[in-house]
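This report refers to the structure that appears directly beneath it.
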Amino acid sequence: MTLSILHRAVALLMLCFAEMTPVHAADGGQAILHLLDYVAAEYPQWVKNGAVLNESEYAEQVEFSENARTLIAKLDANPERDRLVQQAQALAAAVRDKQDGAPVTSLANSLKTALIGAYKLEVSPRKIPDPAIAPALYASRCASCHGADGRGDGPAAAALDPKPSNFRDAARQGRRSVYSLYSTITLGVDGTAMAAHADLSDEQRWALAFKVSNLLFEPTLAEAGSKYWTQGKGRDAFRSLADAVLATPADTTARHGEAGTAVLAYLRANPSAIQAAATPLDYAIRTLGDSLIAYREGDGKGAYELAVSAYLEGFELVEGSLEGLEHGLKARVEEKMIGFRNTIKTGGPAAVLEAQHRDLVSVLADAKSRLASGEVSPQAQFVSSLVIILREGLEAILVLAGMAAFLKRTGREGGLRYLHGGWIAALVLGVITWWVATAIIEVSGAQREVTEGVTALIASAMLLYVGFWLHSRVSGQRWNAFIKSQVTGAIGKGTLWGLTAISFLAVYREVFETVLFYQALIAQGGALPVLAGFGIGCLLLVALAVLIIRYSAKLPLGVFFGVSSVLLAVMAVIFAGQGVAALQAAGRLPADPIDGPTFPLLGIYPNAQGLTLQLVLVVFIVVAYFYTTKPPKPA
C-alpha cells in the first residue's frame, strides 16, 4: 500500500517523540508489537529472492522496522533491553538488505516473543471471550469488506485500494497470530480502509480476533484437533492461553507438525479448553497481570482483590507440592506476593508495582518449571503428600491426644465419645464443605482462609481457657477439691461439649484446605504415591497419639496437669499466629513484614500483626501463670 501523508506525519511524530521521551512498556509495548506483527506478516509478500516486488510497500517495511528499533531503545530500563535492541537492529538490517521473507518473519517473531517476556506485556484476553457474540460482530463490522466467508470479496471490496485481506489466504494468514489480528482490530491500519474498532469492548475485539483467525481452517481440522487435545497431544506446546494467542499456523506446523496445527485450530475455536487445562500457577500469573492493569487504571481495591485471588486460587493450591521440592522457592514466592499486595494497599508508585510484578512473575515461572520437572516423580509426590498430612495434622493430633489423655487420667473415659464425635464431625463436614464448594456453589480462596483464620482464633481462645483450668489443678489443694467435686458424677455436660468444640475446631480448620492440596497434588501425576504418603503420614500421627496417651499415664497427676496446661498454652499461641496469617492471606488483615524467619508449624510469620498478638498472649500467659499459682486464701 502507499503510505498516506497523514500516516507519514504520524510516523515522523512518533519517531521524534521517541527521541525525546522514554517510552513506558505499559504504553508503548503494544504499539511495538503491532509494528513487528505487521512486518512479520507483510514483508514476505513484497521481497522475494532479494528482489523488491513493490517499492512503496517495501519502503513501509523499512520504516516500520526502523521505528520498532528506535522505540525499543527508548523503553524503560530493563536487563534485557540491550539484547532487544540488538535483535531489533538485526531485523532492521535484514529488511534493508532485502533478505527473503522467511528469515525476516522469524526475526520479527523472535523479537516479539523476547519483548513480551522481558517486559511482561499483556497479550492474551483478561477473560475468555464468548464465541457466541462473534458472528453478529463479524456481520456488522467486517463482512461488507472481507465478505461473509472472509475471502476479501465483500460488497464494498471492489471500491477499495488496497483490497481487504483474504482471511483464507494460507500464505499470509499462516503468518498471523490471534494477537496480531486483535491488534489490527484495535488499532486499525493506516493508509487503508481498515479502521480501528476501539469503540468495541476488549472482549468483543478478542471474540472477533478468534473468529477471524479460525476462518483459515476447515471445520474438520478443528474436529481432529479436539481428539488430539483430549488425548493429551499439544499440551506442551499450548500450556497457557497466551501460547495459543501468540502462535501462528506456519510456525506451529514447522514445530509440531499437522497435529499441532489441528490442535491450534481447535483452541482458536474453543479457547476455553486451554483455560480449563491451565495450572494454578498459570492462573496466578494471569491474575497478577490483571491486578497490575487494574492498579494502573486507578482501581486500587480491585487490584488488591485480584492480588489476593492470585495467591489463594492459584499459588496456594500448589505450595504444598512446591514445598516438598524446594522450600526456599516457596518462601520467596510468598514474600514477594506479600510485598506486591502491600504496595497496592499503601498506594505505592505504579513503577514500583511494575518492578515487583516482573520479579514475581519471574519467580512464579521458576516455580512452574520446578513443579514441571517434578511432575513425573512418584518419589516427589510421596514426599509432598507425607509432608502435607504431617504438617496439617500434627497440631490437631497434639490437641486431641492431650484431651484424650486428660479424660483417661481422670477416669472419665465416657467423655471420649464426645471428643471423637468432634473430630469425626469435623472430617465429615470438611469433606462435605469441599464437595459443595467444588460441585454446587463457588467458595473463594478468601472464604476458605477466613474460615480457617476464625476457627483458629476461636480454638486459641478455648485452648487458653482449658489450659488455665488444668493449670489451676496443679496444686494439691485445688486438685483434691476437684477430685471431691467429681467423685459422685461424670464431668459436666458443658465441659464435655467444650471438649467436643475444641476437637471439632482443631480438625475442621485444616480439612478443607488439606483436601484442596491433595486434589492439586493428584492432578500432577498418579494417585498411588499420594495415597501412600497420606496413609503413612496418618499412621505416624496415630502412633504419636498413642505414645502421648500411654506415657502420660506414667506421670504424676500434678505433673501431668502441668505439662498438659503448658502444651495447650503453646498450642493457643500457635493457633493465634496461624489464624492471623490466614486472615492476612485472605486480605482481611494488613501484613507489615519484618525481618525474620518463618516457622509455619509454630505459627510464626515475620509480620508485625501476628507476632504482636503472639507476644501479647505470651505475656498474658506468664502473668496468669503466676496469678493462678498463688496459694488460695484460707477459708
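Some values worked out for this structure:
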item: Matching option when the condition is buried (at least 21 other Cβ atoms within 10 Å of the Cβ) and either over 26 Å from Arg81 (Cα atoms) or not assigned by TED's automatic domain parsing to the domain that holds Glu80 (or both), among Ser201, Ser183; result: Ser183
item: Qualifying residue in region 210-225 (condition: assigned to a helix (DSSP H, G or I), touching a residue at least 12 places away in the same chain (Cβ under 8 Å) and more than 19 Å from Leu264 (Cα to Cα)); result: no
item: Test: Ala88 is within 24 Å of Lys163 (Cβ to Cβ), outside the structural domain of Glu297 (by TED's automatic domain parsing) and of a type in the set (Gly, Ala, Ser); result: no
item: Some residue of region 17-27 being at pLDDT 90 or above, loosely packed, with under 15 Cβ neighbours inside 10 Å, over 23 Å from Ile185 (Cβ atoms) and of a type in the set (Asp, Glu); result: no
item: Of the criteria (1) out of contact with any Phe, Trp or Tyr (no Cβ under 9 Å at 6 or more places or on another chain); (2) of a type in the set (Gly, Ala, Ser); (3) in contact (Cβ under 8 Å) with a residue 12 or more places away in the chain, which one Ala259 fails; result: (1)
item: Residue within region 432-452 that is among the aliphatic types (A, V, I, L, M), more than 21 Å from Gly314 (Cβ to Cβ), part of a helix (DSSP H, G or I) and at pLDDT 75 or above present; result: yes
item: Residue pairs meeting the criteria (Cβ under 8 Å; at least 6 apart or on separate chains; first touching a residue at least 24 places away in the same chain (Cβ under 8 Å) and part of a helix (DSSP H, G or I), in region 595-622; second of a type in the set (Lys, Arg) and surrounded by 14 or more Cβ atoms within 10 Å (Cβ to Cβ)); result: Pro600/Arg391; Leu601/Arg391
item: Cβ pairs under 9 Å, 6+ apart, first in region 285-300 and more than 15 Å from Lys345 (Cβ to Cβ), second charged (D, E, K, R) and outside any loop (DSSP other than H, G, I, E, B); result: Ile285/Lys368; Thr287/Glu313; Arg296/Glu354
item: Residue pairs meeting the criteria (Cβ under 7 Å; at least 6 apart or on separate chains; first charged (D, E, K, R) and modelled with pLDDT under 90, in region 50-72; second in a helix (DSSP H, G or I) and surrounded by 14 or more Cβ atoms within 10 Å (Cβ to Cβ)); result: Glu57/Trp46
item: In region 393-412, the residues that are surrounded by fewer than 19 Cβ atoms within 10 Å (Cβ to Cβ) and modelled with pLDDT of 75 or more; result: Leu394, Lys408
item: Unique residue being at pLDDT 85 or above, assigned by TED's automatic domain parsing to the domain that holds Gly393 and farther than 21 Å from Arg341 by Cα when the list is Leu615, Leu602; result: Leu615
item: Single residue of Ile338, Ile344 found to be at pLDDT 80 or above and in contact with a Gly (Cβ under 7 Å, 6 or more places away or on another chain); result: Ile344
item: When residues of region 42-72 are limited to those that are surrounded by 24 or more Cβ atoms within 10 Å (Cβ to Cβ) and of a type in the set (A, V, I, L, M, F, W, C), the one farthest from the chain's Cα centre (by Cα); result: Ala68
item: Filter result for the condition that a residue is more than 20 Å from Ile32 (Cα to Cα), surrounded by 16 or more Cβ atoms within 10 Å (Cβ to Cβ) and in contact (Cβ under 8 Å) with a residue 24 or more places away in the chain, over Arg81, Arg141; result: Arg141
item: Criterion violated by Phe238 - all others in (1) outside any helix (DSSP H, G or I); (2) touching a Phe, Trp or Tyr at 6+ places or on another chain (Cβ under 8 Å) satisfied; result: (2)
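Residue-by-condition table, conditions (1) surrounded by 16 or more Cβ atoms within 10 Å (Cβ to Cβ); (2) of a type outside the set (Lys, Arg); (3) within 24 Å of Phe238 (Cα to Cα):
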position: Ala88; (1), (2), (3): yes, yes, no
position: Ala92; (1), (2), (3): yes, yes, no
position: Gly101; (1), (2), (3): yes, yes, no
position: Ser110; (1), (2), (3): no, yes, yes
position: Ala118; (1), (2), (3): yes, yes, yes
position: Val123; (1), (2), (3): yes, yes, yes
position: Pro129; (1), (2), (3): yes, yes, yes
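The values are calculated or read from the model by the stated rules, or taken from the named source; none is laboratory data. Everything numeric in this text was worked out from a predicted model, so none of it was measured. No Cβ is skipped: glycine too gets one built from the backbone with ideal geometry, and neighbour counts run over all protein chains shown.
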